[in-house]
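Have a look at the structure below, then the notes.
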Amino acid sequence: MDVLALIDKLDDLVHNARAVPLTDQVRIDREAVYELLDQMRSTIPEEIKQARWIVKERQEMLAEAKREADRIVEEARDKAERQASQQAVVTLAERQAAELLDDARLREREVRLGAEDYADEVLGTLEVNLEKFTAAVRRGRERLQGKPEGNAGDGPFVTDESSSDY
């Protein structure tokens, strides 16, 4: 399940919790909160695995581009050596080799930049999701502790058991 969906469930659980009479505190099913937190913990590593996979794919793409560039350069050198008997042909081969090398470098750069942009976009999305998750957890903990959002120290949270189980 998506981390954001789990955060929404946690938020709903806290938002829809029953009020303690004559206070602004609420009662929350501790097991339901722990279950959601466990689901979040199991989901986040999957998203991190996806980000690592993207980085690995990027590295493989860069390595492939470098191998292709090396192959093209080697081809150009071999071709230049075979045609070295005539100066005009040698000059032409060198020019073609340089063009091939420039093309290969340009292609490698484009592939590398594209892979980096993609990895950055995925990592940025993951960063935003993690920030939202952290903010939701912080709000949930504040609510569990009986603190209104934005204010600290407004009193303890009422639970069935001691709140030091965290």
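Every read-out reported here was derived from the displayed coordinates using simple, explicitly stated rules and does not represent laboratory data. Quick caveat, the model's predicted, so the values are computed rather than measured. Note that we place each Cβ from the backbone using ideal geometry, even for glycine, and neighbour counts take in every protein chain shown.
Here are the numbers:
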read-out	value
Residues of the stretch 47-65 classified as of a type in the set (A, V, I, L, M, F, W, C) and within 10 Å of ALA115 (Cβ to Cβ), total	5
Test: GLU116 is more than 30 Å from ALA5 (Cβ to Cβ), surrounded by fewer than 16 Cβ atoms within 10 Å (Cβ to Cβ), charged (D, E, K, R) and in contact (Cβ under 8 Å) with a residue 24 or more places away in the chain	no
Any hit, the stretch 51-69, residues being surrounded by 12 or more Cβ atoms within 10 Å (Cβ to Cβ), over 30 Å from VAL122 (Cβ atoms) and out of contact with any Phe, Trp or Tyr (no Cβ under 6 Å at 6 or more places or on another chain)	no
Residue count for the stretch 25-50, restricted to those that are touching a residue at least 60 places away in the same chain (Cβ under 8 Å), more than 14 Å from THR125 (Cβ to Cβ) and not aliphatic (A, V, I, L, M)	3
Residues of the stretch 116-135 classified as farther than 21 Å from GLU60 by Cα and of a type in the set (Ser, Thr, Tyr), total	2
Options ALA93, ALA88: the member that is in contact with a Lys or Arg (Cβ under 9 Å, 6 or more places away or on another chain), assigned to a helix (DSSP H, G or I) and more than 27 Å from ALA119 (Cα to Cα)	ALA93
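Residues are listed down the side, and each one gets a yes or a no for (1) touching a helix residue (DSSP H, G or I) at 6+ places or on another chain (Cβ under 9 Å); (2) not basic (Lys, Arg):
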site: GLU99; (1), (2): yes, yes
site: ASP102; (1), (2): no, yes
site: ARG109; (1), (2): yes, no
site: GLY114; (1), (2): yes, yes
site: PHE133; (1), (2): yes, yes
site: ARG141; (1), (2): no, no
